[in-house]
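S.K.: Provided herewith is a single structure, encoded as structure tokens, for subsequent inquiry.
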């Protein structure tokens, strides 16, 4: 039972990551590899701040700022230096590894005795405290993103991803839209690192390696399994992403509980993503 509870908490915590990938991939059609670095950056900033007794809410703002700066750098490299979006993300992700290591000072930092975000909610049961705290966090984040995407500015961002040439002809600065969009997306990713670092009780320099694949898989699971929600509007689309993150983590947890060697966890993750993509392509091919 504890295994399932852990998967549920992690799934909800990874929802912020899923929302970030949704923004970069679905809104702007950019496969942003910066995710691997910005997730770790959020965790590293969280560990350093909390071990220096910084308030968890101030730490939250610091992690968010770090992720947004990383996303902004990717956007600037892509739009102003005319570097391919995928390569821009890889360059920033690679640079962030050294930056994260410099900030952390070592490869791993435990949060022993540090006050965390979960402690802000006065609930005696630790499992219930963690689930409710993370759930409230993700719900508020989803509401904020949903509100942003329904404003005139958010509609301009969405239009940039759908038809950049048309939007530019209407006088919208599409480069600005991409930079801000990637900043918000990586800010969400860093917030996921903020949550999961506190849940697992430590920050590790390698915690973000391959995380973009898990996030991508979560988004695809949500959009595939909860398609009726996707069709009901932007907030329900975000809800589908959250449910997809939860489902994806439960699938991995069930695979491990079935006795599969943890060393093959990333292989299983890759196969799940491949299966989802293949099924989606086959369905589209049959409909055509």
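S.K.: Take the conditions farther than 24 Å from residue 108 by Cβ and touching a residue at least 60 places away in the same chain (Cβ under 8 Å) and apply them to residue 21. Does it pass? Reasoning before the result, please.
M.R.: Working: farther than 24 Å from residue 108 by Cβ: yes; touching a residue at least 60 places away in the same chain (Cβ under 8 Å): yes.
In short, yes.
S.K.: Is it true that some residue in segment 189-202 is farther than 30 Å from residue 98 by Cα and at pLDDT below 95?
M.R.: No - not one qualifying residue is present in segment 189-202.
S.K.: Quick check on residue 12: is it in contact (Cβ under 8 Å) with a residue 24 or more places away in the chain, farther than 25 Å from residue 85 by Cβ and assigned to a helix (DSSP H, G or I)?
M.R.: Working: in contact (Cβ under 8 Å) with a residue 24 or more places away in the chain: yes; farther than 25 Å from residue 85 by Cβ: yes; assigned to a helix (DSSP H, G or I): yes.
When the stated conditions are applied, residue 12 passes them.
S.K.: Of the residues that sit in segment 255-271 and are free of Cβ contacts under 8 Å to residues at least 12 places away in the same chain and in a helix (DSSP H, G or I), which one is surrounded by the fewest Cβ atoms within 10 Å (Cβ to Cβ)? First the steps, then the outcome.
M.R.: Initially, segment 255-271 is screened for residues free of Cβ contacts under 8 Å to residues at least 12 places away in the same chain, giving 258-264, 267, 271.
Applying the additional criterion that residues be in a helix (DSSP H, G or I) yields 262-264, 267, 271.
On the way: 262: 9, 263: 7, 264: 12, 267: 11, 271: 12.
The extreme case among them is 263.
S.K.: From (1) touching a helix residue (DSSP H, G or I) at 6+ places or on another chain (Cβ under 6 Å); (2) over 14 Å from residue 18 (Cα atoms), pick out the condition that doesn't hold for residue 228.
M.R.: With respect to (1) touching a helix residue (DSSP H, G or I) at 6+ places or on another chain (Cβ under 6 Å); (2) over 14 Å from residue 18 (Cα atoms), residue 228 is out only on (1).
S.K.: Continuing with the same structure: Restricting to segment 69-85, name every residue that is surrounded by fewer than 24 Cβ atoms within 10 Å (Cβ to Cβ) and either in contact with a strand residue (DSSP E or B) (Cβ under 6 Å, 6 or more places away or on another chain) or under 13 Å from residue 35 (Cβ atoms) (or both).
M.R.: Across segment 69-85, the qualifying residue is only 85.
S.K.: Can I ask one more? If we scan segment 28-40, do we find a residue that is at pLDDT 95 or above and in contact with a strand residue (DSSP E or B) (Cβ under 9 Å, 6 or more places away or on another chain)?
M.R.: Within segment 28-40 (the criterion being at pLDDT 95 or above and in contact with a strand residue (DSSP E or B) (Cβ under 9 Å, 6 or more places away or on another chain)), the answer is yes, since at least one residue qualifies.
S.K.: Can you find, within segment 95-118, the residue that is nearest to the chain's Cα centre (by Cα) among those that are part of a helix (DSSP H, G or I) and exposed (fewer than 14 other Cβ atoms within 10 Å of the Cβ)?
M.R.: Of all residues in segment 95-118, those part of a helix (DSSP H, G or I) come to 95-104, 117-118.
Then drop every residue that is not exposed (fewer than 14 other Cβ atoms within 10 Å of the Cβ), which leaves 98, 102.
Numbers: 98: 21, 102: 23 Å.
Selected residue: 98.
S.K.: One residue is enough: does segment 18-30 have a residue meeting the conditions surrounded by fewer than 20 Cβ atoms within 10 Å (Cβ to Cβ), touching a helix residue (DSSP H, G or I) at 6+ places or on another chain (Cβ under 6 Å) and assigned to a helix (DSSP H, G or I)? Talk me through it step by step, then tell me what you get.
M.R.: Of all residues in segment 18-30, those surrounded by fewer than 20 Cβ atoms within 10 Å (Cβ to Cβ) come to 26, 29.
Then drop every residue that is not touching a helix residue (DSSP H, G or I) at 6+ places or on another chain (Cβ under 6 Å), which leaves 29.
Checking which are assigned to a helix (DSSP H, G or I) leaves us with none.
For segment 18-30, residues surrounded by fewer than 20 Cβ atoms within 10 Å (Cβ to Cβ), touching a helix residue (DSSP H, G or I) at 6+ places or on another chain (Cβ under 6 Å) and assigned to a helix (DSSP H, G or I): absent.
The values are calculated or read from the model by the stated rules, or taken from the named source; none is laboratory data. It should be emphasised that the depicted structure is a prediction, and the values quoted were computed from it without experimental measurement. Cβ coordinates were reconstructed from backbone atoms using ideal geometry, including for glycine residues, and neighbour counts include every protein chain displayed.
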